[in-house]
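Contents: one structure, followed by commentary.
What follows is calculated from the coordinates using simple rules that are stated; it is not laboratory data. Everything numeric in this text was worked out from a predicted model, so none of it was measured. Heads up, the Cβs are rebuilt from the backbone with ideal geometry, glycines too, and the neighbour counts pull from every protein chain shown.
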Amino acid sequence: MSTDDDTDLGADDAGPDLGDEARIALAEIDDLPLAERAPAYDALAARLREELEQSDPSRVAPR
């Protein structure tokens, strides 16, 4: 195992489980100016959290 290269895990290296939509969103955020990235990452995280909560099969739907 080599630790010589200091690679950055960006949108391209996020792994096979990351959906295409999320991968595209991450790539778009990476293209933003640095000052705009944090709010964009926060918004993406909130959206993904909401989608996850809605798709959770153990979650009981309100009546």
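The table for this structure:
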item: Two-site label geometry, Glu50 and Leu32: point separation in nm, points 7 Å out along Cα→Cβ; result: 1.5 nm
item: Extension gain from Ala22 to Ala43, taking 0.36 nm per residue of separation minus the Cα-Cα distance; result: 6.4 nm
